[in-house]
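K.L.:
Before I ask anything, here is the structure I am working with.
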Amino acid sequence: MRKYLGAALLVILGATAPMWLGGYYLGVFTTGFYFAVFAMAWDLLFGFAGMVNFGPTFLIGLGAYGAGILNNQGLGIPLSLVCGTAIAIGGGLLLALPAMRLRGPYFGLITLVAVLLLLDAIVIFAGTTGGEIGMMVPDVLSISARVNYWYAFVFMVISAVILYGISRSSLGLILQATGQDSVEAAALGFNVTKHRVAAFCISAFFSGLAGGMLTFYQGTASVDTVVDLAIAVQIIVAVVFGGRRTILGGILGAIFLILFDELLRPLGQLNTFVVSAITLCVILFFPDGVLGFAFRPRARQ
Amino acid sequence: MLALQILIDGFAISSLYGLGAIGFTLIFGVSGVLNLAHGGIMLIAAVLGWWLAANHGAGAYGGAAFGIVCGLIASFVTYFLVVRPIQRSRAIPAEEEEIFVLTATLLWGIMIQTGMDYLFTDNPVTLPAMIPGVMSIGGVRTPRNEILIAIICWVTIGLVWLLVNHTRLGKQLLAASINPRALTLLGFELSRIHLIVWTIYGVLAGLAGVLLASFFGVSSSSAGDLTASAFTIVILGGLGSVPGSLVAAYVVGYAETLTAYLIAPTLRPIPALIILVVVLYVRPQGLLGRR
């Protein structure tokens, strides 16, 4: 009960933020919310399906660049987003293919390679994608910081509700079972392949859509913001920090990362160092993350 | 002419890749750890070796020796501060240990990279050549240093082979990679064996970092690429298989050199990645890996 009360309080706090928060911090939170969706989508694959996916930015990048390129071809924002998301889901299916055969670090490396190949492709086709400089898109969601904040906030809350619902449904339970022991899950009569493919599609859907919306919020899609491996690391860090296998922990982790990045800006180059060090300590001392630590079962007491 | 050039350059690069990768694969084979801070450790050896050689007049050999010692220290720090606490933690379930080690060493690698970036900037550093001059092999002008590097790599690889296959210590390492529980039942201390393998790893990674700095130059921004290439080679060869890693090092080294010379230097990493995807799809355990 306290959990739901806390969640409701946070939603109210987030919803009223534009009334008392300055424009600059609204912008920071807007990016943070899209980031939170990336993290939650990744947690579904990692925490539940047990897939070590080092390449969340492969899906995000496909969604962002897919939507951006189509928008440059003259499609409207909604249609571009739909197509970009469809491309990302295609990418998710492509990743699901090796996931049928490979496990653990082998699969992890394939996802890493997928990101590297996407990076190379973006640089090679610099004519359409803008290469390392990035690609401008003609349309933006809105020019008002407040409206952008609302878009991001509502999108994040809806994504959180859906993903949390999925994680608590039978699909989430079966995914957890296949992640921990796929042979036994199959022996119990669950179709492992079907559920795994579903997990990839769902994760790709939210990653791609969030990537596309981030592009239309910022007005550009660039390698540094949606594809680079550093972004993948930040997503992983956000989930592990907030608590893996919680879905909602990703929101906490993403907002922590974005806020800390702002607060530590005076440190300059050292700020990545400090954030990594803090996260490393969290991993070593509280391996279940912040949410896992706060809501751990108190049976032993 | 071009063919010979590719053959020579590819050989030197591949030997270096092989040296970098065998430590990585050894540590996985014996203790089951995939160390994603690998590039960071090579980076520490390279940059600190350069720092002593260039700023304090230690010369090429003094700098290289200092770099290797630093690599060894970095390897111990990685083991005692990052890997061992996770292996001993009661809060982390055994089946998730692997993922935690991956994430923690990844973060540790980033800390090393940004720390070195802060202290020494990200300009590429190059160790002075160990022996100067060039010589001609069948008409191809090759720096003597490049030949020396290839020789050092192969001598070291040979020494590791002797150590693993023909000493009592090596037998313990092999046994630990096959069945650690049986080894502890026979009265061997497993943590001592882990310490030994991290020592070997530190020396190998340090040496590889120093030689890389002497050959190409290393910058702090390349730590991630170094880890990725070692990871690629080791997975392609089969995790835990030292001969597999060597074969894979040559496949990757020659694929990159051929692309750089014949197609375009910017496309250098792509063919190796495609080979990797195809091999893993057809043969998930890698070239010489066992299931």
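The values are calculated or read from the model by the stated rules, or taken from the named source; none is laboratory data. As the structure is a computational prediction, the values presented were derived from the model and not from experiment. When we count neighbours, we look across all protein chains shown, and the Cβ atoms used for this are built from the backbone with ideal geometry, even at glycine.
K.L.:
If a residue counts only when it is at pLDDT 90 or above, farther than 23 Å from B:Asp117 by Cα and aromatic (Phe, Trp, Tyr), which helices (runs of 4 or more DSSP H) contained entirely in the range B:1-84 have at least 2 such residues?
P.N.:
B:2-31
K.L.:
I'd like the full set of residues that are of a type in the set (Ser, Thr, Tyr) and assigned to a helix (DSSP H, G or I), limited to the range A:231-279.
P.N.:
A:Thr272, A:Ser276, A:Thr279
K.L.:
Do we have B:Thr232 as without any contact (Cβ under 8 Å) to a residue 40 or more places away in the chain, closer than 29 Å to B:Trp50 by Cα, within 12 Å of another protein chain (Cβ to nearest Cβ) and assigned to a helix (DSSP H, G or I) here?
P.N.:
no
K.L.:
Identify, by number, the condition in (1) part of a helix (DSSP H, G or I); (2) within 24 Å of A:Phe33 (Cβ to Cβ); (3) touching a residue at least 40 places away in the same chain (Cβ under 8 Å); (4) more than 14 Å from chain B (Cβ to nearest Cβ) that A:Val147 doesn't meet.
P.N.:
(3)
K.L.:
Considering only residues that are surrounded by fewer than 23 Cβ atoms within 10 Å (Cβ to Cβ) and without any contact (Cβ under 8 Å) to a residue 60 or more places away in the chain, which ones fall in the range B:37-75?
P.N.:
Residues satisfying the conditions are B:Leu52, B:Asn55, B:His56, B:Gly57, B:Ala58, B:Gly62, B:Ala65, B:Phe66.
K.L.:
For the structure I just gave you, tell me whether B:Thr142 is in contact with an Asp or Glu (Cβ under 9 Å, 6 or more places away or on another chain) and either touching a residue at least 60 places away in the same chain (Cβ under 8 Å) or closer than 30 Å to B:Leu7 by Cα (or both).
P.N.:
Against the criterion (in contact with an Asp or Glu (Cβ under 9 Å, 6 or more places away or on another chain) and either touching a residue at least 60 places away in the same chain (Cβ under 8 Å) or closer than 30 Å to B:Leu7 by Cα (or both)), B:Thr142 qualifies.
K.L.:
Then there is this: Pick from the range A:219-232 the residues that are within 22 Å of A:Gly253 (Cβ to Cβ) and buried (at least 22 other Cβ atoms within 10 Å of the Cβ): which of them is farthest from the other protein chains (Cβ to nearest Cβ)?
P.N.:
Only one residue fits best here, namely A:Val226.
K.L.:
I'd like to verify a number: residues in the range A:109-132 that are within 7 Å of another protein chain (Cβ to nearest Cβ) and of a type outside the set (A, V, I, L, M), how many?
P.N.:
Counting residues in the range A:109-132 that are within 7 Å of another protein chain (Cβ to nearest Cβ) and of a type outside the set (A, V, I, L, M) gives 1.
K.L.:
From the set of residues in the range B:123-149 that are surrounded by fewer than 16 Cβ atoms within 10 Å (Cβ to Cβ) and among the charged types (D, E, K, R), which is nearest to the chain's Cα centre (by Cα)?
P.N.:
Checked the range B:123-149; the qualifying residue nearest to the chain's Cα centre (by Cα) is B:Arg144.
K.L.:
Ok, one more. Return the only residue of B:Leu81, B:Leu148, B:Leu119, B:Leu106 being within 30 Å of B:Gly57 (Cβ to Cβ), out of contact with any Gly (no Cβ under 8 Å at 6 or more places or on another chain), of a type in the set (A, V, I, L, M) and within 12 Å of chain A (Cβ to nearest Cβ).
P.N.:
After ruling out the rest, the residue left standing is B:Leu119.
K.L.:
Now a separate question. With the requirement that a residue be assigned to a helix (DSSP H, G or I), over 13 Å from the mean Cα position of the chain (by Cα) and closer than 26 Å to B:Ala3 by Cα, what does the range B:214-229 give you?
P.N.:
B:Ser214, B:Phe215
K.L.:
In the range B:240-291, which residue that is within 30 Å of A:Phe125 (Cα to Cα) and part of a loop (DSSP other than H, G, I, E, B) is nearest to the other protein chains (Cβ to nearest Cβ)?
P.N.:
B:Pro269
K.L.:
Out of (1) out of contact with any Asp or Glu (no Cβ under 9 Å at 6 or more places or on another chain); (2) under 30 Å from A:Leu259 (Cα atoms); (3) modelled with pLDDT of 90 or more, what's the single condition that is false for A:Ile77?
P.N.:
It is condition (1) that A:Ile77 fails.
K.L.:
Let me ask another. Give the range A:79-102 a look and list any residue that's without any contact (Cβ under 8 Å) to a residue 12 or more places away in the chain and within 11 Å of another protein chain (Cβ to nearest Cβ), or say none.
P.N.:
Across the range A:79-102, the qualifying residues are A:Leu97, A:Arg101, A:Leu102.
K.L.:
Among the numbered conditions (1) assigned to a helix (DSSP H, G or I); (2) surrounded by fewer than 24 Cβ atoms within 10 Å (Cβ to Cβ), tell me where A:Leu102 comes up short.
P.N.:
Among (1) assigned to a helix (DSSP H, G or I); (2) surrounded by fewer than 24 Cβ atoms within 10 Å (Cβ to Cβ), A:Leu102 violates only (1).
K.L.:
While we're looking at this one, here's another question. In the range A:262-290, which residues are touching a residue at least 40 places away in the same chain (Cβ under 8 Å), surrounded by 15 or more Cβ atoms within 10 Å (Cβ to Cβ) and not hydrophobic (A, V, I, L, M, F, W, C)?
P.N.:
A:Thr279, A:Asp288, A:Gly289
K.L.:
Any idea which residue in the range B:85-115 is farthest from A:Ile283 (Cα to Cα), counting only those that are assigned to a helix (DSSP H, G or I) and of a type in the set (Gly, Ala, Ser)?
P.N.:
Checked the range B:85-115; the qualifying residue farthest from A:Ile283 (Cα to Cα) is B:Gly115.
K.L.:
Any residue that is surrounded by 21 or more Cβ atoms within 10 Å (Cβ to Cβ), aliphatic (A, V, I, L, M), over 15 Å from B:Ala208 (Cβ atoms) and touching a residue at least 60 places away in the same chain (Cβ under 8 Å) - is there at least one of those in the range B:17-30?
P.N.:
yes
K.L.:
Of the numbered conditions (1) within 20 Å of B:Ser220 (Cα to Cα); (2) touching a residue at least 24 places away in the same chain (Cβ under 8 Å); (3) assigned to a helix (DSSP H, G or I), B:Tyr118 satisfies every one except a single condition; which is it?
P.N.:
(2)
K.L.:
Return the total of residues in the range A:233-259 being within 14 Å of chain B (Cβ to nearest Cβ) and without any contact (Cβ under 8 Å) to a residue 40 or more places away in the chain.
P.N.:
Result for the range A:233-259: 1.
K.L.:
Taking the range A:175-195 on its own, how many of its residues are hydrophobic (A, V, I, L, M, F, W, C), in a helix (DSSP H, G or I) and in contact (Cβ under 8 Å) with a residue 12 or more places away in the chain?
P.N.:
3
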